[in-house]
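J.: Handing you this structure, nothing more for now.
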Amino acid sequence: MENVPKRDERILIIDEQPLSQSYLRYSLEQLGYQNTIIADKPQIALNLCRENKFDLIICSYNQADGKKDGFQLFEELKLAGLHKLSTGIIFISAETDPTLVHSVIELQPDEFLAKPFVIKDLQLRIERVLKRKHQLRPLYQLIDTQQYDTAVQLIDEQLADAGQRKWFPLMLKLKGDILLTQHQFAEAEHFFLAMLNIQPFSWAKMGLVRCYVQQGREELALQELESLLLRTESRLFALDLLSELEFKQQRYQRAQQHLIDAADLAPRNLFRQQKLLQLSRLNHDYETQYRAAKDMVKYARYSVFEQPDLYLNLARASIDFALASESEEQHSRLNRQANQSLQTLQKQFSKQALSEQQQVLQARLLYLQDHKDKAKALLRDLKTDQPITSLEDALDKAKALHEVGLTDAAEQLFSQISQHCKQQQPDPLLGAYLQQEVTERRQMQQGPRELNNSAVQLYQRGHWEQAFEAFTLAHKVMPKNAGIALNLLQTLLTSPRPLCAPDLRYRLLQQCELVVAGATLKPEQQRRYEQLKSKQQPLQMNG
């Protein structure tokens with residue numbers, strides 16, 4: 001390109017691939033941009049952003065294998081406050097899988113450019129971003145420095161200038177964001193309603209919903225969210241907020257399904273995956289808990305979020321899932337996953353004090369492998385009267401103690417956990433799960449497996465009511481276990497007298513039938529199920 005005017009904007013290129021670096025540098029030089037710096041490693045990029053102010057950052061997703069990728073780097077730049085509104089960012093990727101695209105869009109880059117691209121494509125994106133940043137720089141700088149009142153004044157002044165008409169929609173959106181940031185929800189509500197009278201902006205509808213939620217007007221929020229679900233640009237927002245509202249109403253299954261749908265769209269959001277893990281535990285959905293824990297480890301690898309707790313939680317989720325499963329193949333796979341998580345933990349975080357947590361998990365693995373006495377011996381000397389520093393660690397220890405039959409120690413620790421929750425007020429999702437776990441473990445004097453086996457013996461002796469209560473509790477904590485569901489189904493259908501109210505009986509029969517019909521049963525279980533469906537006489541029950 002001849003006679004291209006020279007540009008003095010400072011541009012940072014983040015890319016580890018030499019060919020891509022060369023092409024980007026050449027392209028920028030052809031466009032007149034001379035003041036460019038290349039960072040060929042994520043850590044160099046982070047250091048450069050700490051020490052310098054750039055007008056534009058061009059960040060490539062496709063970094064070298066086995067290291068921080070571009071998404072994780074962009075995420076860390078935002079988390080560390082190294083990416084300001086006044087600095088443009090263009091995210092470039094050869095991968096255009098929808099899950100990556102949705103995940104990147106959640107981080108709100110100024111542009112997303114798919115490889116391969118020609119210079120003309122790059123030029124269009126750069127000029128669009130730089131023009132916007134230059135025009136609104138004073139406003140962006142005020143927001144970056146949290147001078148919100150002054151920023152609103154400037155927006156109002158600019159909105160009175162007809163010459164700025166091109167930038168009105170963006171400035172109005174920024175004003176709405178500021179009002180929400182400052183918790184001025186009544187004023188923000190009036191503002192967003194006024195905007196929607198002009199044009200059905202998605203950002204205004206989302207802002208209005210936030211106002212309704214913050215003011216406790218949840219029915220209005222739910223009405224608006226129905227339409228936001230249908231829009232691509234607002235679907236993730238709607239799913240996340242619907243999950244939050246359903247949780248508040250204690251409709252945990254619905255809340256979980258909304259989060260599953262959101263995680264399917266953008267799986268790299270670790271905060272969403274953490275919520276999904278906690279909700280699935282509330283619903284005793286051990287498979288979803290396991291998948292969420294596994295995804296968290298996968299997407300946090302090499303990032304600033306990679307911490308020991310992720311591997312501990314994956315090991316815990318593997319054990320919980322295995323305990324609720326009847327498949328030997330699945331048992332073996334989950335056992336390997338738990339051991340692998342502990343090995344990775346030891347290798348990567350060996351300098352940290354993790355011995356007790358690992359000891360508890362080793363005991364739970366022994367229990368999983370039917371070595372209950374060995375597990376009990378490993379746990380017997382653990383102290384249960386120490387201050388709680390991690391609720392997850394304390395809960396896992398209490399569960400392990402309960403599973404092996406050290407009920408007094410488990411009860412002492414569960415009481416500590418309850419007291420800690422009253423004093424510290426943990427995250428609502430975690431707090432609800434902890435309270436549920438404490439309540440259910442106190443109801444069970446045995447682990448779910450032993451509870452089911454005891455119920456089988458009660459059934460065989462004709463103690464119908466006690467068997468029904470035990471099977472119902474076992475089914476509650478392991479709702480997808482086909483063997484337990486079949487035992488409860490058989491008890492309900494073969495009892496010589498009613499065991500519960502008709503509506504509860506119908507609901508339990510429906511639940512059990514759904515689980516059993518969708519499972520791969522063992523030959524003996526299949527025989528019993530077929531006979532039950534044929535309404536034949538009571539059958540011999542096995543554990």
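The values are calculated or read from the model by the stated rules, or taken from the named source; none is laboratory data. Small disclaimer: the values here were computed from a predicted structure and weren't measured. We place every Cβ from the backbone using ideal geometry, glycine too, and count neighbours over all the protein chains shown.
J.: If you take just the helices (runs of 4 or more DSSP H) that sit entirely in region 350-469, which of them hold at least 3 residues that are closer than 21 Å to residue 309 by Cα?
T.: The helices (runs of 4 or more DSSP H) meeting that bar are 355-368, 391-404, 407-424, 428-443.
J.: Tell me which residues, restricted to region 56-99, are charged (D, E, K, R), surrounded by 21 or more Cβ atoms within 10 Å (Cβ to Cβ) and in contact with an Asp or Glu (Cβ under 9 Å, 6 or more places away or on another chain).
T.: Answer for region 56-99, where residues must be charged (D, E, K, R), surrounded by 21 or more Cβ atoms within 10 Å (Cβ to Cβ) and in contact with an Asp or Glu (Cβ under 9 Å, 6 or more places away or on another chain): just 68.
J.: OK, next. Report every pair of residues separated by at least 6 positions or lying on different chains whose Cβ atoms are under 6 Å apart, first residue within region 71-93 and more than 25 Å from residue 23 (Cα to Cα), second part of a loop (DSSP other than H, G, I, E, B) and of a type in the set (A, V, I, L, M, F, W, C).
T.: 76/304
J.: So, in region 123-151, of the ones that are of a type outside the set (S, T, N, Q) and touching a helix residue (DSSP H, G or I) at 6+ places or on another chain (Cβ under 6 Å), which residue ends up farthest from residue 80 (Cα to Cα)?
T.: 151
J.: Here's something else I'd like to know. Would region 426-444 turn up any residue that is without any contact (Cβ under 8 Å) to a residue 12 or more places away in the chain and surrounded by fewer than 18 Cβ atoms within 10 Å (Cβ to Cβ)?
T.: Yes, region 426-444 contains at least one residue that is without any contact (Cβ under 8 Å) to a residue 12 or more places away in the chain and surrounded by fewer than 18 Cβ atoms within 10 Å (Cβ to Cβ).
J.: Next question. Please determine whether any residue of region 27-49 is surrounded by 15 or more Cβ atoms within 10 Å (Cβ to Cβ), free of Cβ contacts under 8 Å to residues at least 60 places away in the same chain, of a type in the set (Gly, Ala, Ser) and in contact with a helix residue (DSSP H, G or I) (Cβ under 9 Å, 6 or more places away or on another chain).
T.: yes
J.: Looking only at residues that are surrounded by 15 or more Cβ atoms within 10 Å (Cβ to Cβ) and modelled with pLDDT under 90 in region 374-384, which one is farthest from residue 436 (Cα to Cα)?
T.: Here the answer is 382.
J.: Another question, if that's okay. Got at least one residue in region 385-396 being buried (at least 20 other Cβ atoms within 10 Å of the Cβ), more than 27 Å from residue 452 (Cβ to Cβ), outside the structural domain of residue 278 (by TED's automatic domain parsing) and touching a residue at least 60 places away in the same chain (Cβ under 8 Å)?
T.: no
J.: With respect to the numbered conditions (1) in contact with a Lys or Arg (Cβ under 9 Å, 6 or more places away or on another chain); (2) farther than 25 Å from residue 25 by Cα; (3) assigned by TED's automatic domain parsing to the domain that holds residue 42, which one is the sole condition not fulfilled by residue 170?
T.: Of (1) in contact with a Lys or Arg (Cβ under 9 Å, 6 or more places away or on another chain); (2) farther than 25 Å from residue 25 by Cα; (3) assigned by TED's automatic domain parsing to the domain that holds residue 42, only one is false for residue 170: (3).
J.: While we're here: When the residues of region 445-463 are filtered to those that are surrounded by 15 or more Cβ atoms within 10 Å (Cβ to Cβ) and small (Gly, Ala, Ser), which remaining residue is nearest to residue 391 (Cα to Cα)?
T.: 447
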